[in-house]
1. Where in the range A:116-234 are there helices (runs of 4 or more DSSP H), lying wholly inside it, with at least 2 residues that are in contact with a helix residue (DSSP H, G or I) (Cβ under 8 Å, 6 or more places away or on another chain) and closer than 24 Å to A:Phe92 by Cα?
2. Which of the residues belonging to the range A:248-268 are under 20 Å from A:Leu295 (Cα atoms) and assigned to a helix (DSSP H, G or I)?
3. Please go through the range A:1-24 and give me each residue that is out of contact with any strand residue (DSSP E or B) (no Cβ under 6 Å at 6 or more places or on another chain), of a type in the set (Gly, Ala, Ser) and in contact (Cβ under 8 Å) with a residue 40 or more places away in the chain, ordered by number.
4. Could you tell me whether any residue of the range B:60-71 is part of a helix (DSSP H, G or I), of a type outside the set (Val, Ile, Thr) and within 14 Å of chain A (Cβ to nearest Cβ)?
5. If you check B:Gly141 against the conditions, is it assigned to a helix (DSSP H, G or I), within 14 Å of chain A (Cβ to nearest Cβ) and surrounded by fewer than 24 Cβ atoms within 10 Å (Cβ to Cβ)?
6. Would you pick out the residues in the range B:157-197 that are in a helix (DSSP H, G or I), within 17 Å of B:Phe252 (Cα to Cα) and not hydrophobic (A, V, I, L, M, F, W, C)?
7. Can you pull out every residue in the range A:113-134 that is within 14 Å of chain B (Cβ to nearest Cβ) and either under 24 Å from A:Gln181 (Cα atoms) or in contact (Cβ under 8 Å) with a residue 40 or more places away in the chain (or both)?
8. Restricting the first residue to the range B:90-103 and requiring it to be at the interface with another protein chain (Cβ under 7 Å from one of its Cβ atoms) and within 14 Å of A:Glu88 (Cβ to Cβ), which pairs with a second residue that is hydroxyl-bearing (Ser, Thr, Tyr) and assigned to a helix (DSSP H, G or I) meet a Cβ separation below 7 Å and a spacing of at least six or different chains?
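The values are calculated or read from the model by the stated rules, or taken from the named source; none is laboratory data. No experiment lies behind these values; they were computed from the predicted model shown. Here the Cβ positions follow ideal geometry from the backbone for every residue, glycine too, while neighbour counts run over all protein chains shown.
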Amino acid sequence: MVSARGLRKSYGDFEAVKGIDVEVGKGEAFGFLGPNGAGKSSTMRMIAAVSPLTSGSLQILGMDPALQGSQIRARLGICPQEDTLDNELSVFENLAVYGRYFGMSRRESASRTHELLDFVQLSDRAKAKVETLSGGMKRRLTVARSLVNSPDLLLLDEPTTGLDPQARHQLWDRLFRLKQQGVTLVLTTHYMDEAEQLCDRLVVMDKGVIVAGGSPAELIVEHSTREVTELRFGVGEHEAMAAKVGDLAERVEVLPDRLLLYTDDGEAAAVAVHDRGLRPISSLVRRATLEDVFLHLTGRSLVD
Amino acid sequence: MQLASRLTDYWVTRFKRVWKGTIFTSFLTPFLYLAAMGVGLGSFIDDNAGPAALGGITYLAFIGPGLLATTAMQTGIFESTYPVMGGFKWHGYYFSMAASPLTPSDIVAGHLTFIGFRIFAACGVFLAVLAGFGALESWWGALVALAVSVLVGLAHATPMVGLTSRMQSEAGFALVFRLGLMPMFLFSGAFFPITQLPSAITWLAYLTPIWHGVDLTRMLTLGSIDTATALLHFGYLLACVVAGWFYAVSGFAKRLAL
C-alpha cells in the first residue's frame, strides 16, 4: 500500500524528514511513534499525496504521488492533525458535501453520511452546527469524514491528541472495528498506549529518522527488559541514589522525578533496594512499555 | 480544473446559510449611493452646469454605470479577502478539499465561480435599484452591462485571491482597502471624467482595470459604443482575469502543499 525509500522532506534549511524507508502492507495497522517534531506529520502529508517529497522515492497504492496525486487521493481517507471541519456548516452537511468532492452522487453521499454518523455515534447531532460539538465529537466527525469514500488506506495524524480518556477509548474502539473490517491504517501518535493498542507494526521516529521498528512486543523485547522498577526519592537525590543501586539492574535511567531500574525481576530489585537500607518515598514494579523503548533509544521521554 | 463542479454543493450550502442576512443591505447601499450622489449631487450639477457639461446626459445617467462597475470591483475584492483567508486559517475548508481528488486549480475555480455569482447578484440588485430611479435606457444594454460587470469584478477578484493566498495575516487587508480599493474607487472615472486630473494621474488611472470597466459599462448603458475602444477595454479586463488566475493557482498550490 505504501512503499518509501530514502524519503526526505525539507522546508528551506530545515530538514524535517531525513531519509526514511517504510513498507506498509494491505490490511496492516502501521504506526509512526515519536515526540512532537519527529517528522511524523511531514511524512504523513507526503503519504497523503498533498505535500511533494524533497527527495527519495514514494509509491502509494502502486502510484506515484507526483504524477497521480488526484487518483491516489480518491482512494485515501485522510484524518489530519487539526480538524479541518467547516464550523459554519452542520454535522450532516460537512460529510454530505465532502462525499461530493469524490464524485459521489448527492443521494449516495447522503446515505453514506447517515451510515457513518451512526458508526461514530453522532446521528443525534446531525443537524447541529460543528462549532457546538465537543473536541471528541469533532474528532469522531473528522474520522467519519475520512471514511466517506470507503478508502483503501486510512491515514490518521494524531487521532486522539487533546481528547479525554473516555473519548479516546470510544475512538479506539471505532478504529479497531475498521481494522477488523480489513481497512489498512497508517497512524502517527506520541502516545505509547495508543501505538500498543492499535498497531500491528510500528517505527519509532526521532529527529527525522527511524530509530527502530517492529511489532510493539518485539520492540520491547529487543530494547528493554521485561519489567521496570520505579523508585521515587526526594527532590535532587536521584543522581546520587542511581550510583547506589546501579548494580541491581541491567540498566538504570535517571529521570527528574524518579529512577527506573530495568530488570527481568522487578520485585526482586525492589526487595534488594530495601535490603540496602534505602527508603524510597514510593516504589512500583510494572511491565516495560514502548515508553521505555523510546527512552532507551533516544534518552528522552515521548511526552515532554 | 475539470473536477471543480464537485464543489458546487459546498458553495451552495454555504450560500444558503448567509444570503438572508445580506439581502436588505445589498439593496440599501446602492439606494443610498444613487439617492445622494445621483439625485442629490446630480441635480445640483445638472442645474448649474447643464447637460452639456456631460455630453448631453444627466449626472445620474453618468454616475449609474460608473457605480455599477465599482460595485463589481468592490464585491470582487471583498469576497477575495476574508472568505479566502478563512479557507486557509479559520475554517480550513481549502485543506479538506486538498485532501480529496480536487487539485489547487479545481479549488480556485470553485471559489472564483462562487465569487462570480456574488458579483452577478450584487450587480443585478444594483441594476434593479437603478431601474427604480428610472435611469436605465434599455433592458438589452442593462443585461450586457451585467455580464460585463462579472468580468470587471473577476478582473479584481483573481489577483486579490492570489494575493490573499500569499498573506499570512488579515492585517494586510486594511492596507489593501485604503491604498488600493479606495483610490481606485475615487479615481476610477465613476464620479467625474478622469481627464479632469493632472495628466500623470490620468495615465495612472488608465492602467487600473476599474477605469476600463467604468468606461466599458458606461458605453454599454448609454449606447454610445466605440468598437475599438470597447474591444481594448474588454481585452484588458480579460488579460487581468487570466493573469490573476495563474497568480491565484500558483499561490494556492504553494500554500496547500506544505
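1. Per the criteria, A:135-146, A:165-180.
2. Across the range A:248-268, the qualifying residues are A:Leu248, A:Gly266.
3. The answer is A:Ser10, and nothing else.
4. Scanning the range B:60-71 turns up no residue that is part of a helix (DSSP H, G or I), of a type outside the set (Val, Ile, Thr) and within 14 Å of chain A (Cβ to nearest Cβ).
5. Against the criterion (assigned to a helix (DSSP H, G or I), within 14 Å of chain A (Cβ to nearest Cβ) and surrounded by fewer than 24 Cβ atoms within 10 Å (Cβ to Cβ)), B:Gly141 does not qualify.
6. Of everything in the range B:157-197, those that are in a helix (DSSP H, G or I), within 17 Å of B:Phe252 (Cα to Cα) and not hydrophobic (A, V, I, L, M, F, W, C) turn out to be B:Thr158, B:Pro159, B:Gly162, B:Thr164, B:Ser165.
7. The answer is A:Thr113, A:Lys129, A:Val130, A:Glu131.
8. Taking only residues 6 or more apart or on different chains, the pairs are B:Ser96/A:Tyr98.
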